[in-house]
Amino acid sequence: MFDFKLDLNPSQYTAVTSKDGPMLVLAGAGSGKTRVIEYRALFLIQEGVKPESILLLTFTRKAAREMLSRSSSRDERCQRINGGTFHSFAYKTLKRNSKFFGFPKSFSVLDESDAEEAVRRCADSLGLIEKGKRFPKKETLKSIISSSINKGVSIAEVLKKQYPYFIQYNEDVEEIRKKYAEYKIDKNYLDYDDLLTYLRILLEDEDMRKKISREYEYIMVDEYQDTNPLQGDITYLLAKDHRNVVVVGDDAQSIYSFRGASHDNIMIFPERFKECKKVALEENYRSTQSILDVANAVLENMENKYSKVLISANKEIGRSPKLQYFKNQYEEADWIARKIRDLRDGGVNLGNQGVLFRSAFISISLQIQLDKMRIPYQVVGGRKFYEMAHVKDFLSHLKVLSNRRDELAWSRMLMMLPGVGPKTAENILVNVFQISSFDEIIDHLSSQYRGNKYEKQLERLSFILKKASKDELKVFEQLETIMEYYLVLLKDNYDDWNIRLNDLEVIKEISNRYSSLDTFLADFAIDRPEKGIFDTASSFEDQEPVTLTTIHSAKGLEWDVVFIMNVAEGVLPISFALNSPEEVAEEQRLFYVALTRARKELYLSFPFEAKRGGNESYYNELSRFIKPLNVSSKIDSNNYKQENESVITVDDGIEPNYNKKSILDHILDSYQK
DNA sequence: CCGCGGAGTGTTTTT
DNA sequence: CACTCCGCGG
């Protein structure tokens, strides 16, 4: 038996050892929230709860895995606990209960860009994308529809709040939403929102709900402040009957309202579960007092007063956070890279250092610098990898194998053939979708298009599809088969094909872990693989790489040393989030989240000169979140004085010796023949 | 109807 | 700067 009292403070202990009934845990940053979840899992199991009947819903699957692996190290049974994101849980549950909806054997999960493309096709087919008129773009349409679903409000309401200039298109968007819903059902598609929507429908059915909640008797939800109303409903329904549900959150760290999250969920929870216990965790075990002072000052400045003030349990004052000014982003990157190396030479492992930024692209200059210095790093956040063209191209073949009605994948795959464009692909697909057996489709493709310029290619394609669709193949072997075929196209289409091939090799490696193609593809959409750890030939091979991450992706993580890059107006807060006080407040919470990731040392950096869009340089202003005296007084700065640019004046008294034409000739002459 | 090339655009955060 | 859209030539 494990002595829980030993490792926990009184409030943590209460949270851990309350077995039955609903509970709301308000946990400040670094207050041992993770530890509470970890230990509570152990506690429940020691109380005789079956591990399989515990469900841990978290924000990323990585978070779930981390918590579970830590409790597993004390008690192996914890490995059997069910954990994941709302979306992955929904996928699993829907798959298992697919009969309820009359779903076919396999359905595809659309990632965001596929979903946008689908929306575009729907809008197109309704004749709504008229030329000349300013009509919302596919991304915008998708996001309007998504918002209305996640927040449970009408299209009109979303338009009024977020896109007032599109209010006139209210009815059009409603029509597109309807069409899009039909389209998805027809093609066996579920998008991210559908996963949650369908799960809620499933849980609204008395019998299904009883069945499912019997399977998961104890529910824990992490980061509850970042759940949206739809997820709030799901939590409620899952626990409605047995009422064993613990939600953990911190309203001061709510940073996902752009996606429909609302900390109202935290407020509503006690209303839905009237008997719920409340526990507050306020002692911070993570950071030194100097870091907490800054975080608390930022908290103090927020419009919406959050009650919490973090008290350091360490009693260690630590070093004051530093603010470094730089001339431009290159100097900033250079300094950070050097500092990282110096710290590591001084004994701080690279794995204990994290660099945070508001937007993924901010880190590019740093990546270049780290490459130069051969410091290994890992990039988290930013959504490039799995949405890169070659990755999608490659996967489209597999998607076709998994869901024969996957129109988007089919047409992507066909359009790669030279000579096939949108129209030809569409014509072929009209035929393909009328054939029910896969073998016949293959026959059709290899025999019915003789005489076209793409005949040979199409034949090759159908041959490989047939080969890859054999039942006895493992997922990995299916990928290898497709690769055999795709490699040619890759080389034809991309000059940098060898770099891209590397990505595909990584994907192949990942697929080795899967026994079902469907699950592999669904995971690829829902729990995206970690972006590649860059294989820089490292001089520090013994160590974990340093982490470069967006602040959003840094949620729940911590490092001994944290750098926050580019703390400038327009970046943090980001320029388009200045329209309403709520948006600015969310940016401020984001800054707060970033600050509270640091255990021992914190470095903020600010480059005066920056480039945006074109070539135009402009001068940054320090972030409004640092300027107030209560914050700035707690930060040391390097008192950078902006150097006067050395002005070079043109010497006027010189007679021209060349003009543009003659200097060109002269230069050409000077080249080695 | 395909595909190329030029112009234009807008540029967060994530499941 | 990367992607998308548009128009034109083949």
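Answer yes if at least one residue in segment A:339-348 is under 22 Å from A:Glu587 (Cα atoms) and touching a Phe, Trp or Tyr at 6+ places or on another chain (Cβ under 8 Å), and no otherwise.
Taking segment A:339-348 first, the residues under 22 Å from A:Glu587 (Cα atoms) are none.
Looking for residues that are under 22 Å from A:Glu587 (Cα atoms) and touching a Phe, Trp or Tyr at 6+ places or on another chain (Cβ under 8 Å), one finds none in segment A:339-348, hence no.
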Inset, instruction - Restrict the check to segment A:170-180 and report whether at least one residue is in a loop (DSSP other than H, G, I, E, B), touching a helix residue (DSSP H, G or I) at 6+ places or on another chain (Cβ under 7 Å) and more than 16 Å from DNA strand B (Cβ to nearest atom). - result: no
Inset, instruction - Could you tell me whether segment A:229-246 includes any residue that is of a type in the set (A, V, I, L, M), more than 24 Å from the chain's Cα centre (by Cα) and not in a helix (DSSP H, G or I)? - result: yes
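If only one of A:Glu130, A:Glu206, A:Glu171 is surrounded by fewer than 20 Cβ atoms within 10 Å (Cβ to Cβ) and modelled with pLDDT of 90 or more, which one is it? Full working, then the answer.
Numbers: A:Glu130 fails: modelled with pLDDT of 90 or more; A:Glu171 fails: modelled with pLDDT of 90 or more.
Exactly one residue qualifies, and that residue is A:Glu206.
Among the residues of segment A:465-491, how many are free of Cβ contacts under 8 Å to residues at least 60 places away in the same chain and either in contact with a strand residue (DSSP E or B) (Cβ under 9 Å, 6 or more places away or on another chain) or in a helix (DSSP H, G or I) (or both)? Show your work before the answer.
Initially, segment A:465-491 is screened for residues free of Cβ contacts under 8 Å to residues at least 60 places away in the same chain, giving A:466-467, A:470-477, A:480-481, A:484, A:487-488, A:491.
Okay, now just the ones that are also either in contact with a strand residue (DSSP E or B) (Cβ under 9 Å, 6 or more places away or on another chain) or in a helix (DSSP H, G or I) (or both), so A:466-467, A:475-477, A:480-481, A:484, A:487-488, A:491.
Total satisfying the criteria: 11.
Of the residues A:Ser396, A:Ser363, A:Ser359, which single one is of a type in the set (S, T, N, Q), without any contact (Cβ under 8 Å) to a residue 24 or more places away in the chain and within 16 Å of DNA strand B (Cβ to nearest atom)? Talk me through it step by step, then tell me what you get.
Working: A:Ser363 fails: without any contact (Cβ under 8 Å) to a residue 24 or more places away in the chain; A:Ser359 fails: without any contact (Cβ under 8 Å) to a residue 24 or more places away in the chain.
Going through A:Ser396, A:Ser363, A:Ser359 in turn, just one is of a type in the set (S, T, N, Q), without any contact (Cβ under 8 Å) to a residue 24 or more places away in the chain and within 16 Å of DNA strand B (Cβ to nearest atom): A:Ser396.
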Legend entry - Subset of segment A:96-112 (residues that are over 22 Å from A:Asn150 (Cβ atoms) and in a helix (DSSP H, G or I)): A:Arg96, A:Ser98, A:Lys99, A:Phe100
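Could you list, in sequence order, the residues of segment A:81-95 that are in contact with a Leu (Cβ under 9 Å, 6 or more places away or on another chain) and on the phi < 0 side of the Ramachandran plot?
Initial filter on segment A:81-95 (in contact with a Leu (Cβ under 9 Å, 6 or more places away or on another chain)): A:81-91, A:93-94.
Selection gives A:Ile81, A:Asn82, A:Gly83, A:Thr85, A:Phe86, A:His87, A:Ser88, A:Phe89, A:Ala90, A:Tyr91, A:Thr93, A:Leu94.
Given the criterion closer than 14 Å to A:Pro321 by Cα, at pLDDT 90 or above and either in contact with a His (Cβ under 7 Å, 6 or more places away or on another chain) or hydrophobic (A, V, I, L, M, F, W, C) (or both), identify the matching residue among A:Leu604, A:Leu590.
A:Leu604
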Legend entry - Residues being among the small types (Gly, Ala, Ser), more than 14 Å from DNA strand B (Cβ to nearest atom) and either closer than 29 Å to A:Asp518 by Cα or touching a helix residue (DSSP H, G or I) at 6+ places or on another chain (Cβ under 9 Å) (or both) - total across segment A:106-147: 4
Legend entry - Matching residues, segment A:556-581, being in contact with a strand residue (DSSP E or B) (Cβ under 8 Å, 6 or more places away or on another chain) and among the aromatic types (Phe, Trp, Tyr): A:Trp559, A:Phe563
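Name the one entry in A:Leu473, A:Leu461, A:Leu487, A:Leu429 that is among the aliphatic types (A, V, I, L, M) and buried (at least 18 other Cβ atoms within 10 Å of the Cβ).
On the way: A:Leu473 fails: buried (at least 18 other Cβ atoms within 10 Å of the Cβ); A:Leu487 fails: buried (at least 18 other Cβ atoms within 10 Å of the Cβ); A:Leu429 fails: buried (at least 18 other Cβ atoms within 10 Å of the Cβ).
Checking each option against the conditions leaves just A:Leu461.
Considering each of A:Ile564, A:Ile526 in turn, give the residue that is modelled with pLDDT of 85 or more and either under 19 Å from A:Gly28 (Cβ atoms) or within 11 Å of DNA strand B (Cβ to nearest atom) (or both). Full working, then the answer.
Numbers: A:Ile564 fails: either under 19 Å from A:Gly28 (Cβ atoms) or within 11 Å of DNA strand B (Cβ to nearest atom) (or both).
Exactly one of A:Ile564, A:Ile526 is modelled with pLDDT of 85 or more and either under 19 Å from A:Gly28 (Cβ atoms) or within 11 Å of DNA strand B (Cβ to nearest atom) (or both), namely A:Ile526.
Yes or no, residue by residue, for (1) free of Cβ contacts under 8 Å to residues at least 12 places away in the same chain; (2) more than 16 Å from DNA strand C (Cβ to nearest atom); (3) basic (Lys, Arg):
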{"site": "A:Ser402", "(1), (2), (3)": "no, yes, no"}
{"site": "A:Ser411", "(1), (2), (3)": "no, no, no"}
{"site": "A:Lys423", "(1), (2), (3)": "yes, no, yes"}
{"site": "A:Glu440", "(1), (2), (3)": "yes, yes, no"}
{"site": "A:Gly451", "(1), (2), (3)": "yes, yes, no"}
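Consider A:Gln434 carefully, then state whether it is more than 16 Å from DNA strand C (Cβ to nearest atom), without any contact (Cβ under 8 Å) to a residue 60 or more places away in the chain and assigned to a loop (DSSP other than H, G, I, E, B). Walk me through how you get there before you give the answer.
Details: more than 16 Å from DNA strand C (Cβ to nearest atom): yes; without any contact (Cβ under 8 Å) to a residue 60 or more places away in the chain: yes; assigned to a loop (DSSP other than H, G, I, E, B): yes.
Yes.
The values are calculated or read from the model by the stated rules, or taken from the named source; none is laboratory data. Please read these numbers as outputs of a predicted model, since none were measured by experiment. Backbone-built Cβ (ideal geometry, glycine too); neighbour counts: all protein chains shown.
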